[in-house]
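Below is one structure, written out as structure tokens; the observations come after it.
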Amino acid sequence: MTDNQGTSRPDRLSIEESTVDGIRVVTLRGEIDHGVKDALQQALSPQDGDGGAPRIVADVSGVTFIDSSGINVFIHTHQRAEAAQGWLRLAGVRGSVMRVVQLVGLDAVVACHSTVEEALT
């Protein structure tokens, strides 16, 4: 797990990664803004040893805020994955984060699912 601001700042972004059936699941909690965009980009980038097309599910059910920096990271990740014959899917988008995703049209570009389980299928 990566906690780029330490435990004293729970409103910042924490990142956990796992793999389910060859699909990388990146679980995000906290706020996605300019201050954490580099950590988010790194977490969503292909990892050493990833073979074949990158398949990534970003679980954003624990995200409470997202700004244009985060939206741009998701778009960039989607474009890179698609160019490599892979994909990026968002899971658990809700509340104010869903509103931003819909306002900017990210949901028309990146598949959004209610749960991680749905995104994995």
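Here are some notes:
- Filtering the range 94-113 for residues that are in a strand (DSSP E or B), farther than 16 Å from Leu44 by Cβ and not aromatic (Phe, Trp, Tyr) leaves a non-empty set.
- Selection within the range 67-81 - open to solvent by less than 50 Å² (accessible area, probe 1.4 Å), under 11 Å from the mean Cα position of the chain (by Cα) and among the aliphatic types (A, V, I, L, M): Ile71, Val73
- Qualifying residues in the range 88-114 (those that are among the β-branched types (Val, Ile, Thr) and touching a strand residue (DSSP E or B) at 6+ places or on another chain (Cβ under 9 Å)) - the one nearest to Ile23 (Cα to Cα): Val110
- The range 1-29, subset over 12 Å from the mean Cα position of the chain (by Cα) and surrounded by 15 or more Cβ atoms within 10 Å (Cβ to Cβ), residue modelled with the highest pLDDT: Ile23
The values are calculated or read from the model by the stated rules, or taken from the named source; none is laboratory data. Being a predicted model, the structure only gives us computed values, none of them experimental. Because the Cβ atoms are built from the backbone with ideal geometry, glycine has one as well, and the counts that use them run over all protein chains shown. The protein model used for the area step is the full one, side chains on, heavy atoms only, and it has no ligands, DNA or RNA in it. Shrake-Rupley method; radii C 1.70, N 1.55, O 1.52, S 1.80 Å.
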